[in-house]
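Q: Would you mind keeping the following structure in view while I ask a few things?
The values are calculated or read from the model by the stated rules, or taken from the named source; none is laboratory data. Computed from a predicted structure; not experimentally measured. Using ideal geometry, Cβ is built from the backbone for each residue, glycine included, and neighbour counts are taken over all protein chains shown.
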Amino acid sequence: MKYDHILIRYGELALKGKNRSQFEKQLQDNIKIALKGHDNLKIQRTYGRMFIELNGEPHEEVVEKLQHVFGIHSFSLAIKVSNELDTIKEGALKGLLEANPNAKTFKVSAKRAFKNFPIGSQDLNQHVGGYILANTENITVDVHNPDVEVKVEVREVFTYITCAVYRGAGGLPVGSGGKVMLMLSGGIDSPVAGYLAMKRGVKIEAIHFHSPPYTNERAKQKVEDLVRILTKFGGKIKLHIVPFTNIQLAIHQGVPSNYEITIMRRIMMRISEQLAANNNALAIATGESLGQVASQTLSSMNTINEVTNLPIIRPLVTMDKLEVIDIAQKIGTYETSILPYEDCCTIFLPQAPKTKPNRAHANKYEQNLDIEQLIAETIENTETVMFKPHENLEKTMEDLF
Ligand code: ATP
Ligand code: MG
């Protein structure tokens, strides 16, 4: 008898009926993808819980990977025993000792999810607690602050004993909430925005605007690496690489310099909107945070937003830079984001961008450009690459030096 299972709990399930089973199915699929390569594992779903049978695989790596799967509220290593009082008692004792051999106090929390089991939760607590006390020394019951809480969950076919709880990533299973196009620069913010959007259950496709030869291969490679990191949380992710040089040159020639960024962003939005339509996405996500830079004042957002009716999801809108950096470090994108390669937006950065651009001026200056034609050509030349989880991260920046 040992910890040979993982019991997975999911929160936020006020969902009912069909929604619930779709949600559970999506979560199960995502768990399978995250654990690909661990061929011995068996994943089972019962109403309200999922179980992974380890079949001899060590749990450490599985635990690490499960912590990245959105939709999991918490999970525990579990011992599976038959629904008989004696085996339940033995399992509980084993579970306690394996979880913490030095525990001084414990508590038993029994739950009878299977109501036909003849012993009620309270009685089960007494039986199991008494057995543990009788078979150990120097260990007592503490119901308020025990070193180990031994949970006994009696289900229809088996009983599961768990002693420690790992926190899951929370949120909703990626894919349960439709698709969003993420505007992904190589900076710190947009990968975090993508992570947070995925946390709420949406699948993302990334769009990156690059401007060769003003931006080089390394800048592109950096974005690809960021997408690879995000696949850890979101499964497969498509990256659309949009060649932006012609548009930037046209803007540079045709628009007063203090409106260049505004017009550039408006065109990025239009292109993103079309790529969203082509790929069945219902919204655009960005890494914008209110007031962070000139292009992110309320006037800028207002002027840029004029060109699209799609919802724009800005998960970072109220965050401070330091809060964003914290998340970037936690999810592992920070080190890649701070590599120093030029972004297409910084190349043509004017000395004094307008902090309060308005719609009327933007519209007027756009008359100088053949926007439709430029956009059509650009979309025509956009390349799409698919990234899958588990593709090794070896081919990274290092290779290019
Ligand atoms: P980030 O850290 O994400 O680069 P930022 O603080 O540098 O953001 P801006 O340069 O104003 O801010 O960009 C705002 C948002 O516009 C970015 O978060 C991103 O969503 C989008 N964006 C900017 N540049 C690009 C690009 N080259 N390709 C795709 N999206 C971009
Ligand atoms: Mg940036």
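Q: Considering only residues that are away from ligand 2 (no atom under 16 Å from the Cβ) and either under 16 Å from residue 187 (Cβ atoms) or not polar (S, T, N, Q) (or both), which ones fall in region 285-319? First the steps, then the outcome.
A: Taking region 285-319 as the starting set, the residues that turn out to be away from ligand 2 (no atom under 16 Å from the Cβ) are 298-299, 302-303, 305-313, 318.
Passing the criteria: 298, 306, 307, 310, 311, 312, 313.
Q: Let me ask something additional. Out of 170, 130, 178, report the one residue that is away from ligand 2 (no atom under 16 Å from the Cβ), surrounded by fewer than 18 Cβ atoms within 10 Å (Cβ to Cβ) and under 30 Å from residue 377 (Cβ atoms). Steps first, please.
A: On the way: 170 fails: under 30 Å from residue 377 (Cβ atoms); 130 fails: under 30 Å from residue 377 (Cβ atoms).
Just a single option satisfies the conditions, and that option is 178.
Q: Something else about it: Could you tell me which of the residues 203, 232, 236, 199 is within 30 Å of residue 32 (Cα to Cα), out of contact with any strand residue (DSSP E or B) (no Cβ under 9 Å at 6 or more places or on another chain) and charged (D, E, K, R)?
A: Values: 203 fails: out of contact with any strand residue (DSSP E or B) (no Cβ under 9 Å at 6 or more places or on another chain); 236 fails: out of contact with any strand residue (DSSP E or B) (no Cβ under 9 Å at 6 or more places or on another chain); 199 fails: out of contact with any strand residue (DSSP E or B) (no Cβ under 9 Å at 6 or more places or on another chain).
The conditions single out 232.
Q: Kindly indicate which of 207, 247 is under 26 Å from residue 359 (Cα atoms) and within 16 Å of ligand 2 (Cβ to nearest atom).
A: Values: 247 fails: within 16 Å of ligand 2 (Cβ to nearest atom).
Just one listed residue meets the conditions, 207.
Q: Tell me, yes or no, whether region 119-130 has at least one residue that is within 37 Å of the chain's Cα centre (by Cα) and part of a loop (DSSP other than H, G, I, E, B).
A: No: region 119-130 contains no residue that is within 37 Å of the chain's Cα centre (by Cα) and part of a loop (DSSP other than H, G, I, E, B).
Q: Identify the single condition in (1) touching a residue at least 60 places away in the same chain (Cβ under 8 Å); (2) buried (at least 24 other Cβ atoms within 10 Å of the Cβ) that residue 196 does not satisfy, given that it satisfies every other one.
A: (2)
Q: Taking into account only those residues within region 168-198 that are part of a strand (DSSP E or B) and modelled with pLDDT of 95 or more, which is farthest from ligand 1 (Cβ to nearest atom)? Show your work before the answer.
A: Start the filter on region 168-198 by keeping residues that are part of a strand (DSSP E or B), which leaves 172, 179-183.
Okay, now just the ones that are also modelled with pLDDT of 95 or more, so 179-183.
Details: 179: 16, 180: 12, 181: 10, 182: 7, 183: 3 Å.
Going through the qualifying residues, I end up with 179.
Q: Could you tell me which residue of region 145-167 is surrounded by the most Cβ atoms within 10 Å (Cβ to Cβ), considering only residues that are part of a strand (DSSP E or B) and among the β-branched types (Val, Ile, Thr)?
A: We begin by selecting, within region 145-167, every residue part of a strand (DSSP E or B); these are 148-154, 158-162, 166-167.
Right, trim to among the β-branched types (Val, Ile, Thr) and you get 148, 150, 152, 154, 159, 161-162.
On the way: 148: 22, 150: 24, 152: 25, 154: 21, 159: 27, 161: 32, 162: 24.
Taking the candidates together, the pick is 161.
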